[in-house]
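The structure under discussion appears below in the form of structure tokens.
The values are calculated or read from the model by the stated rules, or taken from the named source; none is laboratory data. Small disclaimer: the values here were computed from a predicted structure and weren't measured. Here the Cβ positions follow ideal geometry from the backbone for every residue, glycine too, while neighbour counts run over all protein chains shown.
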Amino acid sequence: MSTPIPPARVPQEERTRAMRQRLMEATVECLVEYGWTGTTTTVVSKRAGVSRGAQLHHFPTKSDLVMAALDHLSERRHTEIAASAARLPPERGRTRAALNLIADLYVSPVFFAALELWVAARTDPVLREAVAPLERRFGRDAHRYTVSLLDIDESRGRNRQLVQATLDLTRGLALAASLSDDSARRAMILDAWAITLDHELDKDPR
């Protein structure tokens, strides 16, 4: 009779990483579903299937948990966008395809979760102080990705202003999408904006 092989033990470091991952994903889901006020550490730990003690050990406060969640999932989202960018057409149709990816930065659970946080921070000075650096980082990252996706030199002509206008436009469209399915109108506006960018961007003739 053969001796049964015991199941492989999962290293503690891997178990901890997986638990933190569940907590951060559950935090974003709760922010989108319940808003800032309804997202409590108890609700998050229950959804993640993590004990309150373990959750408090890694994230002592609600703000700690939310900041870590948005930071982590934003990084993951940018990694996904970067992978998609590698498949963009080199010339014809690139601008319109790039606008879809830029819009995806905002029409996403991570953006809607951050939106809940920013609204709450408007009237909470302590939260606002914690949120401000994260919001600035989001802005810098979005700008950098837009320049890369459009494949332009932002120092040429009015490129920098056009990049900022693109971000303002896609962010505004995302706000509309937070209340209802606005995908058809968004597509038409992005179609028109792609034509404008192709005409107005000062591209390196390389």
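Starting from residues that are within 19 Å of Ala176 (Cβ to Cβ) and of a type in the set (Val, Ile, Thr), keep the ones in the stretch 97-123 and report whichever is modelled with the lowest pLDDT. By that ranking, first place goes to Val110.
Within the stretch 177-189, can you find the residues that are within 17 Å of the chain's Cα centre (by Cα) and in a helix (DSSP H, G or I)?
Result: Ala177, single match.
Asp204 meets the conditions (1) surrounded by 16 or more Cβ atoms within 10 Å (Cβ to Cβ); (2) part of a loop (DSSP other than H, G, I, E, B) in every case but one. The failed one is (1). Looking at Ala103, Ala26, Ala97, which is the one that is over 30 Å from Ile189 (Cα atoms) and of a type in the set (Gly, Ala, Ser)? Going through Ala103, Ala26, Ala97 in turn, the sole match is Ala26.
With respect to Val126, determine if the residue is of a type in the set (Val, Ile, Thr), at pLDDT below 90 and more than 18 Å from the chain's Cα centre (by Cα). The answer is yes for Val126.
Each residue in the stretch 171-191 was checked for being touching a Lys or Arg at 6+ places or on another chain (Cβ under 9 Å) and either farther than 17 Å from Val107 by Cα or at pLDDT 95 or above (or both), and 2 pass. When restricted to residues that are more than 22 Å from Asp124 (Cβ to Cβ) and in contact (Cβ under 8 Å) with a residue 12 or more places away in the chain, the stretch 30-54 contains 6.
Is it true that Ala114 is under 18 Å from Gly172 (Cα atoms) and within 11 Å of the chain's Cα centre (by Cα)?
It is true that Ala114 is under 18 Å from Gly172 (Cα atoms) and within 11 Å of the chain's Cα centre (by Cα).
In the stretch 160-172, is there at least one residue being under 21 Å from the mean Cα position of the chain (by Cα), closer than 30 Å to Thr27 by Cα, of a type in the set (A, V, I, L, M) and not in a loop (DSSP other than H, G, I, E, B)? Scanning the stretch 160-172 turns up at least one residue that is under 21 Å from the mean Cα position of the chain (by Cα), closer than 30 Å to Thr27 by Cα, of a type in the set (A, V, I, L, M) and not in a loop (DSSP other than H, G, I, E, B).
For the stretch 164-174, the criterion of being of a type outside the set (Gly, Ala, Ser), crowded, with 18+ Cβ neighbours inside 10 Å and free of Cβ contacts under 8 Å to residues at least 24 places away in the same chain is satisfied by no residue at all.
Conditions tested, residue by residue: (1) modelled with pLDDT of 95 or more; (2) surrounded by fewer than 19 Cβ atoms within 10 Å (Cβ to Cβ); (3) under 21 Å from Ala82 (Cβ atoms).
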site: Asp141; (1), (2), (3): no, yes, yes
site: Val147; (1), (2), (3): no, yes, yes
site: Asp151; (1), (2), (3): no, yes, yes
site: Arg156; (1), (2), (3): no, yes, no
site: Gln161; (1), (2), (3): yes, yes, no
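The lone criterion from (1) assigned to a helix (DSSP H, G or I); (2) touching a residue at least 12 places away in the same chain (Cβ under 8 Å) left unmet by Arg156 is number (1).
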